[in-house]
1. How big is the gap, in Å, between the Cα center of the range 160-191 and the Cα center of the range 219-256?
2. If each residue of separation counts as 0.36 nm, what is the full-extension length gain between R194 and E255 once their alpha-carbon separation is subtracted?
3. Using only alpha carbon pairs under 8 Å that are at least six residues apart, calculate the relative contact order of the range 115-168 and give it in whole percent.
4. Considering the range 78-161, what Rg and Dmax in Å follow from its alpha-carbon atoms?
5. Which loop GluC sites (Glu not before Pro) in the range 126-234, with loop taken from DSSP, have no more than 15 other Cβ atoms within 10 angstrom of their Cβ?
6. Nearest 0.05, what FRET efficiency do L95 and T173 give at R0 = 35 Å with Cβ-Cβ as r?
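Only the coordinates and a few stated rules stand behind these numbers; no lab work does. Note that this is a predicted model, so its numbers are computed, not measured. Counting neighbours? That spans all protein chains shown, and the Cβs are built from the backbone with ideal geometry, glycine included.
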Amino acid sequence: MQAKPFHHAMRTVIALAVFSVLALEPGRVAAHDIVVAAWNTGSDTEVAGPEADIIRHVMERCGHGVRFATFPFTRHWIAFLQGTVDAVATVPGHLDLPLTGTEAFSHIHFENGVLVRAEDGLQIDWIEDLRGLRVASFAGARNLLSEVAAITEVAESYVEIADISEQIALLVTGRVDAVYGDGRILAEVVHMMRGRASDRLRSNAGLQLRFFPIARSPPFHLVFRDPQMAHDFNHCLMNARLAGEIAAILAGYDEQQAAMFPTPCNATGQGVGCEAAHSSWLSPAAGVSPAP
């Protein structure tokens, strides 16, 4: 994956950030609320999707409350380095970011794909199917995900927008043809927009959206300032997985996604064409192997 320019850019930004180093005390961490820097997927102040639910559930299992401090994507990493939060979420394991802290076990993969208007009759099985289309995605996607870098090579236009609800608004009003992102997050944001009676969704109330999975992301982690807190998280995450609690959280979001975006192929991996979509996100003619 060609992520080196992004990596170097982030190192430059982080090198210029002023941050405090907190003293770490050995031993067990007493139960208390922790502040986690998170990507504001839902709105300027909200975190939408399963990652926040997983983090909250696991930490509550350990007896800790969680408060999320939300930031645009990539800026939440800098907030952690500035010493204003106890931990940072959505840290990609495949980029060697210089975050000073203890990385916890991976708690999530994102099921990324393409959201389109059903009325357009599009079938998206691989990146080549986006040739000539106008595509939007989240800020930083091009440098974070190799398949998005490939999208920029074939799309008529590509734009990154921090606010996911704005991406969806562009889609429903016909200003872009497709939105690339995690299906569970996109479904949750649409659900939230409908709950708020968004003007853009109200004026397109009969519009059907379809989601086509393209690639599963690399693993994402939390990084904690306190290594004992990371140990606590790992222990409780393993127990939550063994109890089926993490799977249950993800299943709830998968059900919402399937209901929100009726399509023969969704992020649960069920339906016509799903296997092909997941196994080859680039056209075979492109001669490039899919992301691991």
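1. Answer, in whole Å: 26.
2. 20.3 nm
3. Over the range 115-168, the number comes to 38 percent.
4. My reading of the Cα-based Rg and Dmax gives 16.4, 49 Å.
5. Counting only loop positions with at most 15 other Cβ atoms within 10 Å, the GluC sites (Glu not before Pro) in the range 126-234 are E156.
6. After rounding to 0.05, the efficiency reads 0.55.
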